[in-house]
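Structure, as structure tokens:
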Amino acid sequence: MPAKKRKAGAQGWRASRPKHVQESELNVGTRGVMITCDTHAEKGAVREGFDVLAQAWDLLAPPRVAAAQDVASGGGCDGEGGGAGESSGVIDIAREIAAESAALSEGRRFFVAQTGCAGFVVLRLNAALADGASGSPSLLELVNRVYASVATDGELAVRFVARMLPCQTVCRAELPKIATAVRETVAAEVKRRGAGACPATFAVQFRQRHNTKALDRDEVIRVVADSAKLELGSARVHIADPELCVVLEVVKAHCCVCVVDQWQKYKRYSLRALQGADGGEQPPSAAPAAASAPAGGSGEE
């Protein structure tokens, strides 16, 4: 019998398959920026998100090398004593080198975290960059700067991104986990504001996508509002124009926790609404949900 012919490429075809990268998935503890867009427009939204966040970051946090040079130029000797001046010069160079190394090791600021949900992307913050530490802007400051540029300066314009929100943390989509994550995130925001600047009003926004174990909307809002009030003290609920808004986006088995402070000013954090664009995803008014959620917030957007 004639020998069987082997199909072309039968050998070694498995080795050429790209490996699945687990670190690119949405995980508990992820911090970054949450983006929504039209279905099948994720690539354009990601590219656009990277661009506007890079511009906003550069406006808020100048390069560390330049900052180190400023410190070096102002922290040296007045030129008295040759030995001291030379020593100071060595220290200044060391500072510049250290600052440049830090900038190089910092690398990319954001990476894509796959959510498995069409029209919903999270840009994960580089783990080497602490949120709001070491001179870097906080996620809330960064996103607010994007909205400020779109609303007032006109410096930035977006086409694909519908909404952009700071995702301070990600937890499991379980009510006790969500309540704990919200309390910790709200506490961090209150601490950032400082004494005497605690918000007087707040609200809760909730939405879930592709969650196999659907959560009860009213129960989530009630429990989360009670958890937030533990840190907000006497703050009262104001759904239309809260000073602080807790936005919960449940996607599959995870919940993105976002805390924002310009809910009404930036039109519920909708870039399209802010630009006056039609179409796309728009968060509807929270007012109709007030009656069904007296404990503190609105329901699904």
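Read the figures in this text as sums done on the coordinates, not as results from a lab. Small disclaimer: the values here were computed from a predicted structure and weren't measured. Note: ideal-geometry Cβ built from the backbone for every residue, glycine included; neighbour counts use all protein chains shown.
Amide H contacts under 5 Å for residue 247: 205, 258, 259, 260, restricted to partners 5 or more places along the chain or on a different chain, H placed in the peptide plane at 1.01 Å from N.
Put in order of Cβ neighbour count within 10 Å, fewest first, the listed residues 163, 222 become 222, 163. Here 234, 149, 136 are placed in order of increasing Cβ neighbour count within 10 Å, fewest first, which gives 234, 149, 136. Relative to one another, the C-alpha centroids of region 255-272 and region 29-64 are positioned 15 Å apart. The fewest-to-most ranking of 40, 238 by surrounding Cβ atoms within 10 Å reads 40, 238.
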